[in-house]
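Inspection log for the structure reproduced underneath, given as structure tokens.
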Amino acid sequence: MTPPTRQTDRTDDATYNFALMPTAIREARTVELAMSSQFAFCFPNTSLAQAARMMAQNRVYELPVIVDQRCLGYVSYLDILQRYVKARLGVRVADVIRTPLPEVRPDAPLERAVALLRETGRHLVLVTTDAGMPVGALTLRDLSRDMSTR
């Protein structure tokens with residue numbers, strides 16, 4: 001008996017394999033049904049040490065940076081790891097912020113959010129209102145959970 005083969009191009013490819021869902025279910029799914037309305041985020045003045053703790057506690061790799069109900073960008077665990085290696089964890093999130101996260105509306109088809117995750121290589125899509133106010137986040141974990149309940 002041969003062992004099952006693994007896909008080697010991406011270890012989390014099964015998470016993205018939205019096509020495995022039956023067409024009727026796949027087309028009816030919206031971001032709002034799969035997103036987390038309570039999600040971890042930080043502020044520009046959050047220390048990197050605190051951001052690292054928040055990531056560990058929430059099991060996420062990226063934290064949106066929010067100010068005045070707007071997302072300025074995000075901080076990644078890689079940013080924190082680089083600063084840790086250089087013994088520079090005393091800086092603030094504002095010093096290492098990256099470009100904005102991809103955004104999607106709550107009523108968007110889930111398939112669109114999956115496409116955004118693939119296109120951007122991010123672990124998180126921010127769910128926002130038409131005015132740009134964050135109302136939730138859709139992570140790879142959310143997608144996995146949603147797919148497993150179908």
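Rounded if a/c is under 1.5, else prolate if a/b beats b/c, else oblate: with a ≥ b ≥ c from the C-alpha gyration tensor eigenvalues square-rooted, which is the stretch 61-150? It comes out oblate by the Cα gyration axes. Each residue of the stretch 117-129 is assigned a 3J(HN,Hα), and the resulting list reads 4, 5, 5, 8, x, 7, 9, 8, 10, 7, 9, 10, 6 Hz, derived from the Karplus form 6.51 cos²θ - 1.76 cosθ + 1.60 (θ = phi - 60°), x at Gly and Pro.
For V135, nonlocal amide neighbours, meaning residues 5 or more places apart or on other chains whose placed amide H falls under 5 Å from its own, are V127, T128, T129. For the stretch 18-148, the share of DSSP beta bridges that are antiparallel, to the nearest 5, is 85%.
Taking amide H as placed 1.01 Å from N in the peptide plane, the amide H of T30 sits under 5 Å from that of L110, each at least 5 places away or on another chain.
Just so you know, all these numbers are worked out from the coordinates, no wet-lab data involved. The model shown is predicted, which means the values in this text are computed figures rather than measured ones.
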